[in-house]
Amino acid sequence: MKLFHSLTALLSLATLAHSIKYTRLTPSFINYAAESRNYKESPNTLYITNRNGGLAAVNITSAKQFDLIALWENDYPIEGQDRLDNFMVVTELAKGPDGAYPTSTGPKLHIFDLSLETTPNFELKPFQSIDLSGSIDAILHVKLTKLASGEIFAIITAGFAETVEGGVIFVNLTPHYNTLTEQTDPPYVKVLSTGIDQPEGIIISPTSPSTALVGGIKSSKIGIIDFSDFQNPLVLEERDDYGAQLVGAKKSDQPFSTTLNSNYVVLAQWGLTGGAMILDCTDSLNPKIVDETGWYHSLSLSYSNRVKLYKDLIVLPLEQPIGGFATIILEENGKLGEVREEHYPIGEIDKGDSTVDSSKSYCLAINEGGWVYSFVAETNAVYVYCVWEVTGIGRSCS
Ligand SMILES: *[C@@H]1O[C@H](CO)[C@@H](O)[C@H](O)[C@H]1NC(C)=O
């Protein structure tokens, strides 16, 4: 608690020290933004999952543009998301940090067909919702992977589940992906228990579609999971001192990343130490640390979350009491360069008719021209910055 207060004081000073221009938006369709992603398949469309309900698709084609394309409106706590071609899944949590969500209809995977995404007929509505309550009581994040056999799996972290310790769930969605239509047969589901406390971040290895790296909310470990035999997934190793949550990014899931080696992943380190870590996954079962910020930027990069890559930058949303984001220069060899950070203005954390005392930020996104859309969870504000202005390296956004 004491540390948290000194962190707040530190950030207040940092925020007063300089001022960088931003645009503040308050779109009605943002409702506690939990994850925001624009995918290779359609880099100008941003999908935002809302923990207080729903999924929005937003047009971010040109400078500072933020226009709603389609909205799946509901009260379900939606958080995880991933896409493979025109196939998309999102997770409904069921339980969160404060227990069960009264508006949740259970831990569910909601499945979408995005083939009409760029047409005027596009409607954001799941063609199937798979109830996982027979296997687990809560889920959190999800990644899709295509195995060497051609089978399509959703790999899900169990987060706030209580029925399984350190749960990771494997769901075979091959017929759903292949036909983009509702399936009557229940899918194959396998639940694996691990030593990772409250699994959240999950990334499929860039060098193997059947290896996953998993981090947990209450864990400082990374789990290396091999599911080449999906009937018998195995935790190969749990390594300590990697930081918590470990929500990651790789070149193939970041549309405007140029510098990152395609065998590497960047992990955001949540917790007090925070920062980013680069892992070389050339040997998928034995990733090696290339560099990390943790040891020299302890407090200022605390609670780093859903990391993004843009050209030669790593951009980290900061889930701190006064939220913000950091930019880190990424060298060709995977080494980390200069770090800069920016915090949201104090005194603009009103939420309609009430005030909240947190501007923490779980997620952000960056469009092609370099505009950062950063989401404040509690207030639903969106701050739009030019990423180069924050880095101070004299390039401009378009
Ligand atoms: C997105 O906005 C651009 C203009 O910036 C426009 O040309 C395009 O048609 C829009 N796309 C959709 C799907 O609305």
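Coordinate-derived values only; no laboratory data. Predicted model only: the values in this text are computed from it and were never measured. Glycine also receives a Cβ, built like all others from the backbone with ideal geometry; neighbour counts cover every protein chain displayed.
Of all the numbered requirements in (1) part of a loop (DSSP other than H, G, I, E, B); (2) free of Cβ contacts under 8 Å to residues at least 60 places away in the same chain, residue 124 misses one, and that requirement is (2). Scanning segment 233-261 for residues that are surrounded by fewer than 20 Cβ atoms within 10 Å (Cβ to Cβ), within 12 Å of residue 279 (Cβ to Cβ) and in contact (Cβ under 8 Å) with a residue 40 or more places away in the chain yields a single hit, 261.
What do you reckon, is residue 367 touching a Ser or Thr at 6+ places or on another chain (Cβ under 8 Å) and at positive phi? Write out each step before concluding.
On the way: touching a Ser or Thr at 6+ places or on another chain (Cβ under 8 Å): yes; at positive phi: no.
So residue 367 does not fit the description; no.
Evaluating residue 86 against the criteria (1) within 16 Å of the ligand (Cβ to nearest atom); (2) buried (at least 16 other Cβ atoms within 10 Å of the Cβ) leaves one unmet condition, (2).
Filter segment 135-178 down to the residues that are among the small types (Gly, Ala, Ser) and outside any loop (DSSP other than H, G, I, E, B) and list them by number. Those that are among the small types (Gly, Ala, Ser) and outside any loop (DSSP other than H, G, I, E, B): 154, 167.
Could you tell me whether segment 225-232 includes any residue that is assigned to a strand (DSSP E or B) and either in contact (Cβ under 8 Å) with a residue 12 or more places away in the chain or farther than 27 Å from residue 40 by Cβ (or both)? Don't jump to the end; show me each part of the working.
The initial filter retains those residues of segment 225-232 that are assigned to a strand (DSSP E or B), namely 225-226.
Next cut, either in contact (Cβ under 8 Å) with a residue 12 or more places away in the chain or farther than 27 Å from residue 40 by Cβ (or both) only: 225-226.
Yes, segment 225-232 contains at least one residue that is assigned to a strand (DSSP E or B) and either in contact (Cβ under 8 Å) with a residue 12 or more places away in the chain or farther than 27 Å from residue 40 by Cβ (or both).
Within segment 95-116, restricting attention to residues that are within 20 Å of the chain's Cα centre (by Cα), more than 16 Å from the ligand (Cβ to nearest atom) and not in a loop (DSSP other than H, G, I, E, B), the residue that is surrounded by the fewest Cβ atoms within 10 Å (Cβ to Cβ) is 96.
If I ask for residues that are without any contact (Cβ under 8 Å) to a residue 60 or more places away in the chain and out of contact with any helix residue (DSSP H, G or I) (no Cβ under 8 Å at 6 or more places or on another chain), which ones from segment 387-397 would you list? Selection gives 388, 392.
Within segment 181-211, restricting attention to residues that are closer than 15 Å to residue 144 by Cα and of a type in the set (A, V, I, L, M), the residue that is surrounded by the fewest Cβ atoms within 10 Å (Cβ to Cβ) is 189. Of the residues making up segment 117-130, those that are more than 12 Å from the ligand (Cβ to nearest atom) and exposed (fewer than 14 other Cβ atoms within 10 Å of the Cβ) are 123, 125.
Can you give me the ranges of the strands (runs of 3 or more DSSP E) entirely in segment 247-320 with at least 2 residues that are farther than 19 Å from residue 34 by Cβ and β-branched (Val, Ile, Thr)? Explain how you work it out, then say what you get.
Details: elements: 264-270, 276-280, 288-292, 308-310, 313-318.
Output list reads 264-270, 288-292.
For residue 113, the conditions (1) in contact (Cβ under 8 Å) with a residue 40 or more places away in the chain; (2) within 21 Å of residue 364 (Cβ to Cβ); (3) not polar (S, T, N, Q) are fulfilled apart from (2).
Here are some residues: 228, 257. Which one is over 18 Å from residue 362 (Cα atoms) and touching a helix residue (DSSP H, G or I) at 6+ places or on another chain (Cβ under 7 Å)?
Numbers: 228 fails: touching a helix residue (DSSP H, G or I) at 6+ places or on another chain (Cβ under 7 Å).
Selected residue: 257, the only one of 228, 257 that is over 18 Å from residue 362 (Cα atoms) and touching a helix residue (DSSP H, G or I) at 6+ places or on another chain (Cβ under 7 Å).
Within segment 30-78, being assigned to a loop (DSSP other than H, G, I, E, B), within 16 Å of the ligand (Cβ to nearest atom) and surrounded by 19 or more Cβ atoms within 10 Å (Cβ to Cβ) holds for 39, 60.
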